[in-house]
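The values are calculated or read from the model by the stated rules, or taken from the named source; none is laboratory data. Nothing here was measured: the structure is a model prediction, and the numbers come from that model. When we count neighbours, we look across all protein chains shown, and the Cβ atoms used for this are built from the backbone with ideal geometry, even at glycine.
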Amino acid sequence: MRAPQSTDSSSITPSRVILGLSAVLLAISIVQLFQNPLSAWSIRPSVTCEQGDVVHQTGVISANRVNIRAQPTVFSEVVTQVNEDHPIVVVCQFGAWSQIKEPNLEGPTWVSSGLMLLDANQPLSTGAKIGMIASLLFSLGGLALAHFRPAIIDRGTRWLMQTGDLPDYAKPLISNPKGGSSNP
């Protein structure tokens with residue numbers, strides 16, 4: 001039977017922690033990127049929502065001879081009619097009505113929300129796209145920094161822990177709770 005091996009806590013340096021965290025963040029970023037199809041990266045239409053909640057989703061009309069109206073009411077003017085499987089881009093929703101972007105028509109157009117089917121994969125918001133790209137770049141930067149310039153991380157850790165103003169004999173006590181030196 002082997003005796004349990006003691007772990008040397010001085011081998012766990014801030015640069016190794018950053019390297020590990022960056023690797024985990026990179027894995028998460030890659031999974032997020034691959035979970036979203038290319039269609040999710042399509043540009044959302046530049047249409048403002050006049051009233052209601054902004055959604056910017058894609059879908060199709062689910063019935064034949066569906067009236068597309070100028071206002072979100074059954075009493076408003078019918079601008080055109082579309083048939084089943086007609087592609088739509090929903091800009092915003094207002095109660096039971098959805099404002100859609102019709103490429104051939106000027107001005108806002110509305111359809112009853114019950115007469116359409118939304119796609120499962122929707123375009124990502126600008127914030128989600130920026131977050132995914134930033135997460136990927138941040139993780140790659142952390143990996144590069146931890147691998148090529150670990151001294152920068154060590155200096156940053158000392159600065160964050162504000163050990164620069166401590167006497168030399170106290171610095172290892174702060175950076176290593178067991179009292180050993182963290183310097184190899």
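Observations on the model:
- Members of region 79-97 found to be in a strand (DSSP E or B) and of a type in the set (S, T, N, Q), listed by number: Thr80, Gln81, Gln93
- Taken over region 109-120, the residue count meeting the criterion of being modelled with pLDDT of 90 or more and not in a strand (DSSP E or B) is 3.
- Checked against (1) touching a residue at least 12 places away in the same chain (Cβ under 8 Å); (2) part of a helix (DSSP H, G or I); (3) surrounded by fewer than 16 Cβ atoms within 10 Å (Cβ to Cβ), Ser29 passes all but a single condition, namely (3).
- Only one of the numbered conditions (1) in a strand (DSSP E or B); (2) out of contact with any Lys or Arg (no Cβ under 6 Å at 6 or more places or on another chain) is violated by Glu106, and that is (1).
- Test: residue in region 70-77 that is farther than 30 Å from Ala146 by Cα, hydrophobic (A, V, I, L, M, F, W, C) and either part of a strand (DSSP E or B) or at pLDDT below 85 (or both): no
- Residues being hydrophobic (A, V, I, L, M, F, W, C) and in contact (Cβ under 8 Å) with a residue 40 or more places away in the chain - total across region 87-102: 5
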